[in-house]
Amino acid sequence: MREGPAARGLARRSRIGGTCIERIERVEHACRTARRWSVRAVTGAALAAACVAAGVGVPVRSVHAQAGALAGALAAASLRPSPVPPPGLSLPGARVPSAGGAPHAQPARMPFYVATKGRVTIYLLGTLHTGDPADYPAGQPFRRHILAALAASPTLALELSPDDLLESQDDVTKYGVCNDACLPRLLTPTLWHRLARRLHGNPAALAGIRKMRPWLASLVVETYDSLSAGLQTEYGTESQLQNVFLKKHGGKVVGLETLAEQMHAFTGLTLAEQREMLAQDMVQTPAENADDVRALHRLWRIGDADALAAWANAKSEHLARSKALSDAIDDRIVYERNRRFAARMAALATPNRPLFVAIGALHLGGRRGVLELLREQGFRVDAS
């Protein structure tokens, strides 16, 4: 949803403002990459900063995992992971590092694709905006093919540019937080009482969420559950990518959309659509939602974008209270942005200068995903 944004790694290294900057970075999370809960889960732990924007302290509670969440999702969607590419696979413009040396922990496979049209090459990596330290081993944080593609690409394209990312807290506060306790009157009495019961053990959070508009309240509620799944924002893919990319001389980091465009995906939702977002967060218990985050993380580690999309669609159908409203939310927050991403990465790519794109993993797969949109533009797209 806000699926781990663009220059979080850069901001952390600069340490401007210390912990405050890290919290600001998490706020963005709460307003990006989003759609309803199953898809927003990919963005992960944005809660701390979103609550800071509303003046709320956020205690994080752990929950117990429920066994079989991943197996059930895989069975329901009949998913198969992408085949492992042959050892001799070559990437356009990339020199794959040698695999020699002592054995070491293997990084997550994660969704990675190569789109080519003539002499134009686009590398696409599906990201999670939170993760686990084991996803990125210190000796080799990414697979060799990903590292080679990153080294060969003069430009790294993320959802938002670093500059937009750092400015986004003001917009979250401006558009997502009211001057008074607006949320109870913006929700139906039934939905407000359900939310109040959900947060009854955290009076500080309940007091703060009263001042949020429904779309931001939805992101805050879901992020509680994401944090309780045990994933961490500092291990989001974007942060780890930039740790590698910014070490090379002359690399440029750009955004595929502007902050205004991303914010409008939320602020443009009708009140009925915002209520639907929040109602979907209430369908399952916090523990069930946390299990979904873990299941999504495991599917991401397998690295199949279409499998991830099928899983997310199945979860979304289960969570939707109104199909018409849910579809409208998806179109604005996911599919309109997919079309924008595909058009802009194609415009940025030039012959013999590979472009490396990293966007939320749930934007890639499915019949309306970025990979299919690139195929419609004449690109050949292969898993790598």
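Numbers below:
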quantity	calculated
Sorted peptide list for 119-130, 186-197, 282-293, criterion being average Cβ within 10 angstrom, highest first	119-130, 282-293, 186-197
Kirkwood Rh and Cα Rg combined as Rg over Rh, evaluated for segment 122-224	1.15
Rounded D (µm²/s) - segment 183-288, Kirkwood Rh over Cα pairs, Stokes-Einstein at 10 °C, 1.306 mPa s	98 µm²/s
Placed amide H near Arg213: partners under 5 Å, 5+ positions off or other chain	Val177, Cys178
Orientation-averaged projected area, Cα convex hull of segment 303-343 (nm²)	3.3 nm²
For segment 170-239, alpha-carbon Rg and Dmax in angstrom	13.5, 41
Rounded Å value of the spacing that divides the Cα centres of segment 177-240 and segment 276-327	17 Å
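None of the figures in this text is laboratory data; all of them are computed from the coordinates on show. Computed from a prediction, not measured in an experiment: that's the story for all the values here. Cβ atoms come from the backbone with ideal geometry, glycine included; neighbour counts cover every protein chain shown.
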